[in-house]
Amino acid sequence: MATSTIRETASGAAAPKPQEGRKAPVPVYLNLIGGEWLPAKSGKTTRNINPADHSDIVGEFPASAAEDVNAAVASAKKAFATWRLVPAPKRAEILMRAGTLLVQNKEKFARDMTREMGKVLAETRGDVQEAIDEAFYVAGEGRRLFGVTTPSELQNKFAMSVRMPVGVVGLITPWNFPMAIPSWKLFPALVAGNTCVIKPATDTPLSVYNLVRTLVDAGLPPGVVNIVSGGGSSVGNALLDHPHVRAISFTGSSEVGSHVGQRAAATFKPVSLEMGGKNAQIVLDDANLDLALDGALWGAFGTTGQRCTATSRILLQKGIAKEFTDAFVARAKALKVGNGLDESVQVGPQVNAGQIETSTRYVEIAMKEGAKLLAGGHALTQGAYANGTFFEPTVFAAVDRKMRIACEEVFGPVVSLIEFETFEQAIDIANAIDYGLSTAIYTKNVNRAFTAMRDLEAGITYINAPTIGAEVHLPFGGVKHTGNGHREGLGAIDFFTTWKAVYVDYSDKLQRAQIDNAE
Ligand code: UN1
């Protein structure tokens, strides 16, 4: 692989800059363009800071602009000419090797991720594991990528449909699953023969570097994947506008997703949007209450509530509401919040100060609306928390389904308890939102479980399991404002390929469809 004059170390880092008064020098990471590790043309950088400890600088990353995107797209376009001709099973072998390398580096990549994103080590190990699962799952696709054949209406004519790569694809990825979600996009795009320009989330670029560096080490040719780090308004918009980018895959908020979809429409790019959620866990009177409590606690406060699939509404049937609420509040209060690198910590920091502001604002909104605060409600700023962005696990009760706290995504450790009387009411409340990503119901009644599977308006429904925990080989995505109809996991290949119909006429004469064979 070609390198620039900049000295390259692992993960695309250039020679570290010594920091005054600092023990370890700050590594400087670069863009990957056409196989070379390059700074932003402007020379600008931004800092990646540990949200649990702001004195810990994870690295400096390029603050790129449209000119860097242009170079990356040009290199991806050049690489497409040859990558699309590499047999898919061979492309898949690179993913296989990448999966094996990820297994070897799982612990290191998990620690890097906890440092840049905050979630606890058990979860960042899970995040890397999800990329490993995706690598092995999608590698199998190299020997499938099935098309269909069908009889022609004419004699001596053969008809088939084959999947073609789309071309250069732009991938815009979020900070909450810094390696898993990039892998959901990169791996299917690659096995299908596309070349990629990826814009990592500005809060968590290191995990994308670790992932892409792994692909390079596994043998990915130069230019097939390019990384351009930087902000949404600079790098993101340049990808959306670029005439040679043929499709965009985005995961993030519904607000930004709406912008992405509208802007990309100007150049007719297909766009896959995975966005927000306001996911409900329903607990019926007949549920195994301990199981429902375990699920609710994990669903609401796992990843500090920063999952699109996080449980943010717990719908409680009257008969169990009090017992559940008391136990849930006690357990929420007992959760250990802290630095995710400490194995005893259960809830890490929020990713940045902006997220703390959002959580704080929603607590104020909920209080004004008349919801009852039963636990948490504040940012943690003293002692060990002083250098980070921490928020208490927060529980509201007496929440009415129409309150903003019951309808809008917080993306933090804030959960609302809503009571209901009948099963039908629970389904109504669960569906009475703009989002439709994940849902869960706890019951032992098989009839209710199946009715819920049918009637909950969501891309994912769990029975007796929390709203989080999707596996890579099932379709991932949602309805209403959560998505625009595409799916990751099972379904990603559909987005990253385009159908071509092929007709082979071996009759040696002109045969006019719809005319020569008509009665
Ligand atoms: C997200 O919710 O932002 O289903 C992604 C899960 C994970 C992926 C979540 N496998 O909880």
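The values are calculated or read from the model by the stated rules, or taken from the named source; none is laboratory data. Predicted model, so just to flag it, every value in this text is computed and none were measured. Neighbour counts are summed over all protein chains in view; Cβ atoms, including those assigned to glycine, are modelled from backbone coordinates with ideal geometry. Note: areas computed on protein heavy atoms with side chains; ligands, DNA, RNA excluded. Shrake-Rupley method; radii C 1.70, N 1.55, O 1.52, S 1.80 Å.
For this structure, a couple of remarks:
- Cα gyration tensor category, rounded, prolate or oblate, for the range 64-118 with a/c compared to 1.5: oblate
- Probe 1.4 Å, accessible area per residue of the range 279-463, Å²: 40
- Dipole magnitude for the range 279-463: about 160 debye, using +1 per Lys or Arg Cβ and -1 per Asp or Glu Cβ, origin at the Cα centre.
- Figure legend: label point modelled 7 angstrom from the Cα of Ala159 along Cα→Cβ; residues of the range 494-516 with amide N under 13 Å from it are 501-505, 512-515.
- Summing charges over neighbours of Lys157, with a neighbour being any other residue whose Cβ is under 14 Å away from its Cβ, gives -2 when K and R count +1 and D and E count -1.
- Among the protein heavy atoms of the range 279-463, carbon and sulfur supply 50% of the accessible surface, probe 1.4 Å, non-protein parts ignored.
- Vicinal HN-Hα couplings computed from phi for the range 215-222 (Karplus, 6.51 cos²θ - 1.76 cosθ + 1.60; Hz; Gly/Pro x): 5, 5, 5, 7, x, 5, x, x
- Cleavage-rule hits (trypsin sites (Lys or Arg not before Pro)) in the range 119-187: DSSP loop, at most 14 neighbouring Cβ within 10 angstrom: Arg143, Arg144
- Computed over the range 279-463: relative contact order in percent, which uses C-alpha pairs under 8 Å that are six or more apart: 28
- Diffusion coefficient of the range 279-463 by Stokes-Einstein, Kirkwood radius over Cα pairs, 25 °C, 0.890 mPa s: 150 µm²/s.
- At a probe radius of 1.4 angstrom, the accessible area of the range 167-220 per residue rounds to 10 square angstrom.
- Percent RCO, i.e. relative contact order, over the chain, from Cα pairs under 8 Å lying at least 6 residues apart: 17
- With the charge dipole of the chain set up from +1 on Lys and Arg Cβ and -1 on Asp and Glu Cβ about the Cα centre, the Cα lying farthest toward the positive end among the listed residues Gly412, Leu102, Pro25 is that of Pro25.
- Leu510, Leu316, reordered so the largest accessible area comes first (probe 1.4 Å): Leu510, Leu316
- Test item: Cα-centred dipole of the chain, Lys/Arg +1 and Asp/Glu -1 on Cβ, debye: 1160
- Taking the DSSP bridge list for the range 279-463 and keeping only pairs wholly inside it, about 20 percent are antiparallel.
- Base-10 log of normalised Debye intensity for the chain (one unit scatterer per alpha-carbon) at q = 0.08 Å⁻¹: -0.53
- Linear extension gain, Lys500 paired with Ala330, 0.36 nm per residue minus alpha-carbon span: 55.4 nm
- Percent breakdown of C-alpha pair distances by 10 Å bin, ordered from the shortest bin, for the range 368-445: 16, 41, 29, 11, 3
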